[in-house]
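The values are calculated or read from the model by the stated rules, or taken from the named source; none is laboratory data. Small disclaimer: the values here were computed from a predicted structure and weren't measured. Cβ sites come from the backbone with ideal geometry, for glycine too, and all protein chains shown count toward neighbours.
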Amino acid sequence: MNEELPLPSGKGARARLASPTPNKNSGRGAGCFRVPLRAKLAHAAHAPHADQPPTFKSRLLRPFGVVLNGHLQLGLEVLLEEGVIKELRPHTGLPEPYVISPSFVNAHSHLEYRGLQGKLHSDDYFSWIREITEAKKSQTLDQVRESCLLAARENRATGVARIAEHSDRPFASEALTAASIDGVIYQELITFLEQENPREKIERVRQLAERQQQGFSGVVAIGLHSAYTVDRTTLESFGSGKPAAGPRTQDSTLSTPPNAQRTTNKASPPQDSAPSPKTQDTRHKTSFLAHHSAQTSIHVAESLYENQFFRTGEGPIADFYRRNNVPFRPIGASVVAYLESIGLAGSNVQFVHCCDLSTDDIKILADAKVRVAHCPRSNTRLKCPTAPVRELLDAGVRVGLGLDSPASSGPIDMFAEMRAALGVSAYRGKPLTPEEVWSMATTMGNESIGFGDEGWDIYQGSTVPLIKVHIDNAYSTEDLIEQGSPASIDWV
Ligand SMILES: [Zn+2]
């Protein structure tokens, strides 16, 4: 089984780098910005180097600082050539008042709930789930589409170029494409009410996923809502990589290692010479057919209720089963142990939340190389336990930062999410560093959603989409996180 997602077409990333969008902060002159002293010193130290006039194909960015895997390094400039980072080098002139960073990766998202932002009032996980389930019923498809379009635009505005999206309904791919965001869409599967015969439901979700793939440069796969809303047989079939319904074609091109595929992307035609319809269709088909069976994502141990249900058969989830006359039997083990026992703990799986973990659970995740999404604002709002991210990172688990649903997290703002990650980890007494949190939102975040070795960072040869962060007088990553907001972001 291929354990890495295929790279989305590289042309989008190159086009974003090669075709700068208008600078919304262009009215912000350098005169109203204090260039840090260290940046000035770095410039002075390298003053003898003459400016190299950029060619028509190249572009020189001279920020006062560059964020490298979460670490703010002052005194560096970046030379781009046709959207590829040609050189990362010491300043050769006076720096400008901004910082360059790899764009953000939103490791967990629900675009469709944007319209419910500020409208749900439950502050407990299970009552919130019931409230949003009811609220969804009153939404029209037009409202869902508007939610997706708005949320995708707001993700873009806060610096997100890649996303791992859970969608119950259509429109995510249209919205992400319109906002120039790639990544992976997990079409979400719930079989709670179809436990006896889930094949028809799986087929419906598979068809929805196929429609999402149309025109989307990223990957579409089937996502699993949770271990308690998807029946065991279906979970097992995903664990073994063989869904209970739908095509199981394995195309040999799909096992192409990401790095090799990246080379192919670089050699592909530029954005303005679109592939022929035949080529495009083939690419979409192959990426879907392979990866809807090989990759998945699932909410795990978000609240205390989930382990209570699996361990003892008690609590609100058990009551929910009884109300709906769905039989169940406690297994006397944690949800993580349950998923591992049925083959669903692996490097091809993203576990979202992971708030209520034991030491044994963390060892399972680390040993199986499961990837994790951390969503601190949503977890806080819904009174979930604080995820043990310090311990997960120390165990070697790749953790990304997710904005989750605006209906639980609030406004789409990666800086607010980073501040929350720092805050809850410190409150818990197991603090994360600002550099770790920035990496979770960029470089490690990209690994955490399955794009593995692509290298979402600033280095020679990288095509990572870049953002400018306009922060007054930042000397550290902590300063950037403290002072940042979507208004700080510009696209390169
Ligand atoms: Zn979610």
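Some points to look at:
- Conditions (1) surrounded by fewer than 17 Cβ atoms within 10 Å (Cβ to Cβ); (2) part of a helix (DSSP H, G or I); (3) without any contact (Cβ under 8 Å) to a residue 12 or more places away in the chain; number of the one not met by SER237: (1)
- Single unsatisfied condition, GLU482 versus (1) modelled with pLDDT under 95; (2) surrounded by fewer than 18 Cβ atoms within 10 Å (Cβ to Cβ): (1)
- Residue within region 150-173 that is touching a Cys at 6+ places or on another chain (Cβ under 7 Å) and among the hydrophobic types (A, V, I, L, M, F, W, C) present: yes
- Counting the residues of region 418-447 that are acidic (Asp, Glu) and within 16 Å of ALA161 (Cα to Cα) gives 1.
- Identification of helices (runs of 4 or more DSSP H) wholly contained in region 313-422 with 2 or more residues that are more than 16 Å from the ligand (Cβ to nearest atom) and buried (at least 20 other Cβ atoms within 10 Å of the Cβ) yields 335-341, 359-368, 389-394.
- Counted residues, region 179-195 - those being touching a strand residue (DSSP E or B) at 6+ places or on another chain (Cβ under 8 Å) and either surrounded by 23 or more Cβ atoms within 10 Å (Cβ to Cβ) or outside any loop (DSSP other than H, G, I, E, B) (or both): 9
- GLN308, sole failed condition from (1) part of a helix (DSSP H, G or I); (2) under 23 Å from GLN187 (Cβ atoms); (3) not hydroxyl-bearing (Ser, Thr, Tyr): (2)
For every residue, the table says whether it meets (1) assigned to a strand (DSSP E or B); (2) basic (Lys, Arg); (3) under 22 Å from the mean Cα position of the chain (by Cα).
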residue: TYR98; (1), (2), (3): yes, no, no
residue: GLY118; (1), (2), (3): no, no, no
residue: GLU131; (1), (2), (3): no, no, no
residue: ALA135; (1), (2), (3): no, no, no
residue: GLN143; (1), (2), (3): no, no, no
residue: GLU146; (1), (2), (3): no, no, yes
residue: LEU149; (1), (2), (3): no, no, yes
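- Residue within region 431-440 that is among the small types (Gly, Ala, Ser), under 25 Å from LEU76 (Cβ atoms) and outside the structural domain of LEU80 (by TED's automatic domain parsing) present: yes
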